[in-house]
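Asks: A single structure is presented below for examination.
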Amino acid sequence: MRSFGQKGQESAPFELLVAVVIMTFVILLGYRALDQVAEIKCKGEVEGEMEKLKTTLENIVKQKGKENLGLYFPACQGEKDTSVRIKGFEDERICAAFCGGSRKSCTLLSYSSPKFSISKCLRGTINTTFGLGETCTGQEVSDPEKYEAQDFKADIGIDNGNYVLVSKFDLTGSYPILCAYKRKAG
């Protein structure tokens with residue numbers, strides 16, 4: 001005698017296998033979506049820090065004086081090889097692409113990592129000197145022993161940290177000197 005539902009019992013292992021495969025696929029897609037959301041969020045945070053640095057540099061060059069800046073670029077998904085640099089260019093194509101117009105020279109603020117890069121045009125900073133040594137002695141900050149002068153145009157780049165930015169004029173030149181002091185750890 002044949003019982004009802006025997007055919008259903010025979011196809012159950014196959015249906016279970018299909019269900020497991022579909023669930024695995026859905027879980028993998030979910031993880032992929034979460035990774036993309038995390039990357040977009042991190043790009044947004046980097047973009048925000050870049051804009052904050054750009055605005056502060058442009059303001060300090062135009063308005064002179066002194067300004068505090070807390071700079072914290074996130075390490076997106078554990079990336080180690082990231083850098084933030086200020087670099088001058090003498091290439092009309094590069095300058096037109098990032099700054100617009102037909103400039104022959106420009107200064108760019110660039111963030112680079114293995115996954116993405118962001119570049120922004122720094123307006124009004126083409127002739128600005130980023131000082132060290134005799135020009136930036138630390139007298140402009142309240143506790144000079146707690147700060148160290150940084151060269152923002154150096155190849156090592158700009159690190160995370162708390163900075164005091166000071167704009168001043170050299171007596172022999174007509175272009176501003178920007179002194180960047182990073183607060184020492186500890």
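Asks: Over its Cα atoms, what ratio of radius of gyration to 2.2 N^0.38 Å does segment 65-138 give?
Replies: Working it through for segment 65-138, the quotient is 1.33.
Asks: Report the gain in length on full extension from residue 151 to residue 172: 0.36 nm times residue separation, minus Cα-Cα distance, nm rounded to one decimal.
Replies: Residue separation times 0.36 nm, minus the Cα-Cα distance, leaves 5.5 nm.
Asks: Among the GluC sites (Glu not before Pro) in segment 126-173, which ones are in a DSSP loop with at most 13 other Cβ atoms within 10 Å of the Cβ? Mind listing them?
Replies: Qualifying residues, ordered by number: 134.
Asks: Taking percent of Cα pairs over 31 Å apart straight from the coordinates, which label in (i) 37; (ii) 27; (iii) 49 is the correct one?
Replies: So the structure-derived entry is (i).
Asks: R0 = 41 Å: FRET efficiency of residue 47 with residue 16, Cβ-based, nearest 0.05?
Replies: Details: r = 47 Å, r/R0 = 1.14.
Given R0 = 41 Å and the Cβ-Cβ separation, E is 0.30.
Asks: Okay, moving on. Between residue 129 and residue 31, what's the calculated FRET efficiency when r is the beta-carbon distance and R0 is 41 Å? Round to 0.05.
Replies: About 0.25, to the nearest 0.05.
Asks: For each of 28, 109, count neighbouring Cβ atoms within 10 Å of the residue's Cβ, then give the residues from fewest to most.
Replies: 28, 109
We did not get these values from a lab; they are worked out from the coordinates using the rules stated. Treat the numbers as computed from the prediction; the structure is a model and nothing was measured. No Cβ is skipped: glycine too gets one built from the backbone with ideal geometry, and neighbour counts run over all protein chains shown.
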